[in-house]
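The values are calculated or read from the model by the stated rules, or taken from the named source; none is laboratory data. What you see is a predicted model, and the numbers here were worked out from it, not measured in a lab. Here the Cβ positions follow ideal geometry from the backbone for every residue, glycine too, while neighbour counts run over all protein chains shown. Note: accessible area is taken over every heavy atom of the protein model, side chains too, but ligands, DNA and RNA are not part of it. Shrake-Rupley method; radii C 1.70, N 1.55, O 1.52, S 1.80 Å.
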Amino acid sequence: MKCGGMSLALLSVPQMARHRQVTMAKPVLDPNSLTPFVDPLPILKVARPTEFRPTPGDAKQKAPYYRMAIRQVESKIHRDMKPTLQWAVDSSVPGATLETQSGQGMFVEWANELPKSHFLPIDHSLHGAEAEKPDVRTVIHMHGARVPAAADGYPEDWYVPGKSATYFYPNMQDAAMLWYHDHTLGINRLNVYAGLLGLCIVRDSFESGLSLPSGKYEIPLVLYDRFFDQDSQLYYPVSSVPGKPWIPELFGNAILANGKLLPYLEVDPRKYRFRVLNGANGRFFHLSMSSGQTFQQIGTDQGLLAAPVTLKICSVAPGERGDLIVDFSDHAGEQIVLKNDMLLPVMQFRVVKGKVNDDCTVPSTLRPVPKIAESEAVKTRPLMLGEISDLHGDSVTMLLNNAHWSMPITENPTLDSVEIWELINVTDDAHPIHLHMVKFQILDRRRFDAFAYQNENSLLRYRGNPVPPEPSEAGWKDTVRADPGMITRIIVKFEGYVGRYVWHCHILEHEDNEMMRPYDVVAKS
Ligand code: C2O
Ligand code: CU
Ligand code: CU
């Protein structure tokens, strides 16, 4: 959206926000200076329960108990780098993967065993990160989980080293790849950047009944970007404003796959299932293969699509997942690079020579995704995604519906009711919007006049026709790309639990600013 040079306080002025320059306080490592594809892609380890405990509400049922220690570790990102200091869940970055069956509950004790000081630049002017708050604190949220509010990892429920929180996850939901990450108010972007993220795979008999690639042919792939300094240490850039290090976005020059920089994976000439998570703070991935081959996307955030979608490029915004089937059978003996935008390499596949037997198939229909009818919605909420900047561009506030985190609840859907949320993006950025606890469907996106909307009393003037979601987004979602200058409509059934949750932009720099709001699911009267 271009709105001219006026500087009314309420205008969307990302141009001014961008005046707040990102400064590189030290020279960063250039990944191009390293030999690519010398480290094997790490296969993420699966967490093991330490014991079994009686399930809440049904003491005869036993549920596995996992103890996930959150600690500082040192590990190698690339053969030719020195060990990098990171924060890890269960000793690796990404953390160990939790695996469970739909309906099989689990306990997870998230134990904060971090050191007393933070190694990334905290901005004490951000809400929730005031100087009197301890620097080191964490709370872990399971993204995509339908879980009672007390176990959701509320951003204010953080705790300090030496403490832990034990959450029970009922896992009453369909097969999907969820992920866990830090959610601490005001420093979430730093804690995730430091390494506090990992996967949770929920399986069910429906999905296992399809003959999709499994076992060693099913490979989770966690992608994110980082900067490293010349000593191989994580580097988080800061703003040019003294005392306010927060930056509006971070796009690191090093893209990591399962925690390694430019790794390789030896594959058989057959089908593989890659379960991709965009775990980046702010980078959107658009993935393609150097061979030019197509692949199939079979699932999105909350599980399988109704039917596979054939693609050359898979797009995932921060927080989103893409479930991909890649067939290497026509590529025996080749070396294929997985690339992101601008053809930047992410990793390499080395396809073994010869022929193998591959019984796996991708059915032409996967799992029905019954459409929620718009007529079921009892409420439509217009929700503006906006940004306020002062005249110097020194302070930027990113807001949902002009409300700060600490303001009274405005979104309060009734349990089991259906609502339409209209995400009205008046900024120049795409914001991946995530709602906790629920899954939803995308209705459409429609161009509108953002200037008129902001300056003529929420005047809604459309500039185009509604565009349906892309086929790869036409399944159950928990995160949706709200494009600039567009109104993105989602339809949500608030199924699950009553209580306080949050919704927010999944660009972590935005979320740590003010682009997050609590919301309440309230009981039916
Ligand atoms: Cu991925 Cu509120 O989180
Ligand atoms: Cu979440
Ligand atoms: Cu955002």
* Asked: What size of dipole, in debye to the nearest 20, comes out for the chain about its Cα centre when the only charges are +1 on Lys and Arg C-beta atoms and -1 on Asp and Glu C-beta atoms?
  -> 700
* Could you check the simple spin-label distance between LYS524 and GLU470, using points 7 Å along Cα→Cβ, in nm with one decimal? => 3.8
* How much net charge surrounds MET486 when only the other residues with a Cβ under 11 Å from the Cβ of MET486 are counted, with Lys and Arg +1 and Asp and Glu -1? -> +3
* In whole angstrom, how far apart do the alpha carbon centroids of the stretch 280-341 and the stretch 210-224 sit? -> 12
* **Accessible surface of LYS45 - all protein chains present, 1.4 Å probe, nearest 10 Å²** => 90
* Asked: So how much slack lies between ARG463 and SER240, counting 0.36 nm per residue of separation and subtracting their Cα-Cα distance, in nm?
  -> 76.6 nm
* FRET efficiency, 1/(1 + (r/R0)^6) with R0 45 Å, evaluated for ALA452 and ALA150 via beta carbons -> 0.55
* **Of LEU423, ALA149, THR294, farthest towards positive along the dipole that unit charges on Lys, Arg, Asp, Glu beta carbons give the chain** => THR294
* How big is D for the chain, in µm² s⁻¹ as a whole number, if Stokes-Einstein is applied with the Kirkwood radius of its Cα pairs at 37 °C and 0.692 mPa s? -> 139
* Structure fact -> Sorted on mean Cβ neighbours within 10 Å (highest first), peptides 267-279, 91-103, 347-359 come out as 267-279, 91-103, 347-359
* Asked: Projected onto the charge dipole of the chain (+1 at Lys/Arg Cβ, -1 at Asp/Glu Cβ, origin at the Cα centre), which of PRO468, LEU338, LEU250 gives the Cα projection farthest towards the positive end?
  -> LEU338
* So, with +1 on the Cβ of K and R and -1 on the Cβ of D and E, and no other charges, what is the size of the charge dipole of the stretch 215-351 about its Cα centre, to the nearest 20 debye? -> 100
* To do: Could I have the simple spin-label model distance between LEU34 and ASP416, label points 7 Å from Cα toward Cβ, reported in nm to one decimal?
  => 5.3
* Structure fact -> Rounded to 0.05, the calculated FRET efficiency for the beta carbons of GLU334 and LYS26 at R₀ = 45 Å is 0.70
* Can you figure out the FRET efficiency of GLN61 with SER205, using R₀ = 30 Å and their beta-carbon distance, to the nearest 0.05? => 0.95
* **Per-peptide average of other Cβ atoms within 10 Å, ordering 46-57, 444-455, 328-339 highest first** => 444-455, 328-339, 46-57
* If we sort 156-163, 423-430 on the protection proxy, mean other Cβ atoms within 10 Å, highest first, what's the order? -> 423-430, 156-163
* Asked: Once you list every other residue whose beta carbon is under 13 Å from the beta carbon of THR300, what net charge do they have if Lys and Arg are +1 and Asp and Glu are -1?
  -> -1
